[in-house]
Amino acid sequence: MLLLTIETTCDETAAAVLRDDMSVMGAVVASQEELHERFSGVVPEIAARAHLERIIPVIDETLRRAGVKLDELDAVAVANTPGLAGSLLVGLVAAKTLCLATGKPLVAVNHLHGHIYACRMAAGRQIFPCVGLIVSGGHSNLYRCDSPVDFHYLGGTIDDAAGEAFDKVAAMLGLGYPGGPAIAKAALKGDAAAFRFPRSFIHEPSRLAFSFSGLKTAVRYAIAGPGKPRPEAGELSQQLVADLAASFQAAVVDSLVDKAFRAVESTGLRTLCVGGGVAANQLLRSRLAEEADARDVELHIAPLDLCTDNAVMGAVAFERLKAGLVENLDLDAQPGLVRA
Ligand code: KG4
Ligand code: ZN
């Protein structure tokens, strides 16, 4: 079976042609980083317009690389939730149009399920049931994943997502966008114990929740106290920036690791799968690995090229197809996170 998958939930325009043995025939990701860089974050309206310009060339190039023609496809899959409304609509309308023109079935992909399915792609075998931790620019959530199509929300952030906090703190430190890789790089030369930043809910073991907004404020106040104007980025010494980056990164990682293994304990499951852009963070990856080892938990972290947004993880659509979950052409975009 051959599947075309389309992903436009945020600021990556991506498509892939996948075979049901999980091989990737062709895949393209057109990033928009350069368009959003000067705003230190994704501007939804700019993202939607850029998707509109790129979606057809990206699909064309993907089919060309795969050496596959539209009529050879068995289905078209598209991420229709969650994400930015305008961005989602571009991919969704493209997918529906292809289905209307070719008569192929339409499959809906939940972007968050895709982030966890990236672990299954890398593992080369089934990984369910598992606890899923999704850490990205838009989400920091824990799920009990009974199967690839059956996710139950266990808890998540009550304010900022982890990636969002990385991006905002990087902007405060003058480190550029996207903030995650920039903070990780600066942190290499910093002392993670220089500042003791808050680890939210760490003293409430039974509460599966994250909060990164107060942490962000704590970094702001470490730069200049309450009521004081923030110095220009260039005015901070390189060592101070490195220490702030390292201390901030350590606080985020501590929170994520603690709650991920609390979720493993509370569900009684023995497998933890981690995906999303922040899962590319090396400190997070090594701390998760240490902790999993110590607790004898099977750990899968998405490979680096499948952490940030891509269409390969849309392979989860094969699972929906197998389960008979095909959509009508009135399928809508669902921007918000739907919690059970
Ligand atoms: O999954 P993703 O590509 O998009 C969303 O679905 O949101 O995640 C993007 C996020 C950005 O906030 C970026 O700063 C963060 O992932 N990120 C990282 C790293 N690489 C990307 N955060 C921490 N460390 C990294 N190495
Ligand atoms: Zn994502």
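The values are calculated or read from the model by the stated rules, or taken from the named source; none is laboratory data. The shown structure was predicted, so the numbers you read here are calculated from the model rather than taken from an experiment. Quick reminder, even Gly has a Cβ in these numbers, built from the backbone with ideal geometry, and neighbours come from all protein chains shown.
Does A317 fit the bill of being in contact with a strand residue (DSSP E or B) (Cβ under 8 Å, 6 or more places away or on another chain), among the aliphatic types (A, V, I, L, M), away from ligand 1 (no atom under 16 Å from the Cβ) and within 15 Å of H115 (Cβ to Cβ)?
Details: in contact with a strand residue (DSSP E or B) (Cβ under 8 Å, 6 or more places away or on another chain): yes; among the aliphatic types (A, V, I, L, M): yes; away from ligand 1 (no atom under 16 Å from the Cβ): yes; within 15 Å of H115 (Cβ to Cβ): yes.
Against the criterion (in contact with a strand residue (DSSP E or B) (Cβ under 8 Å, 6 or more places away or on another chain), among the aliphatic types (A, V, I, L, M), away from ligand 1 (no atom under 16 Å from the Cβ) and within 15 Å of H115 (Cβ to Cβ)), A317 qualifies.
Any idea which residue in region 258-287 is surrounded by the fewest Cβ atoms within 10 Å (Cβ to Cβ), counting only those that are away from ligand 2 (no atom under 16 Å from the Cβ) and of a type in the set (G, A, S)?
Step one: filter region 258-287 for residues away from ligand 2 (no atom under 16 Å from the Cβ), giving 258-272, 282-283, 285-287.
Okay, now just the ones that are also of a type in the set (G, A, S), so 260, 263, 266, 268, 286.
Numbers: A260: 25, A263: 20, S266: 16, G268: 9, S286: 11.
The residue in question is G268.
Restricting the search to region 114-146, which residues are touching a Phe, Trp or Tyr at 6+ places or on another chain (Cβ under 6 Å) and within 16 Å of ligand 1 (Cβ to nearest atom)? Give the derivation first.
Applying the first criterion (touching a Phe, Trp or Tyr at 6+ places or on another chain (Cβ under 6 Å)) to region 114-146 yields 132, 140, 143, 145.
Residues satisfying the conditions are G132, S140, Y143.
When region 272-314 is examined, which residues are found to be under 19 Å from A16 (Cβ atoms), touching a Gly at 6+ places or on another chain (Cβ under 8 Å) and more than 11 Å from ligand 1 (Cβ to nearest atom)?
G314
When you go through P129, P178, P205 one by one, which is the residue that is at pLDDT 95 or above and not aromatic (F, W, Y)? Steps first, please.
Details: P178 fails: at pLDDT 95 or above; P205 fails: at pLDDT 95 or above.
It is P129.
Exactly one condition in (1) in contact with a helix residue (DSSP H, G or I) (Cβ under 9 Å, 6 or more places away or on another chain); (2) within 16 Å of ligand 1 (Cβ to nearest atom); (3) not acidic (D, E) is not met by A108; state its number.
Every listed condition holds for A108 apart from (2).
Show me the strands (runs of 3 or more DSSP E) found entirely inside region 121-183 where at least 1 residues are free of Cβ contacts under 8 Å to residues at least 40 places away in the same chain. Can you show your working first?
Numbers: elements: 130-135, 140-147, 150-157.
Counting at least 1 such residues, we get 140-147, 150-157.
So, in region 200-219, exactly how many residues are of a type in the set (V, I, T) and either surrounded by fewer than 20 Cβ atoms within 10 Å (Cβ to Cβ) or out of contact with any helix residue (DSSP H, G or I) (no Cβ under 6 Å at 6 or more places or on another chain) (or both)?
We begin by selecting, within region 200-219, every residue of a type in the set (V, I, T); these are 202, 217, 219.
So of that shortlist, the ones also either surrounded by fewer than 20 Cβ atoms within 10 Å (Cβ to Cβ) or out of contact with any helix residue (DSSP H, G or I) (no Cβ under 6 Å at 6 or more places or on another chain) (or both) come out as 202, 217.
Selection size over region 200-219: 2.
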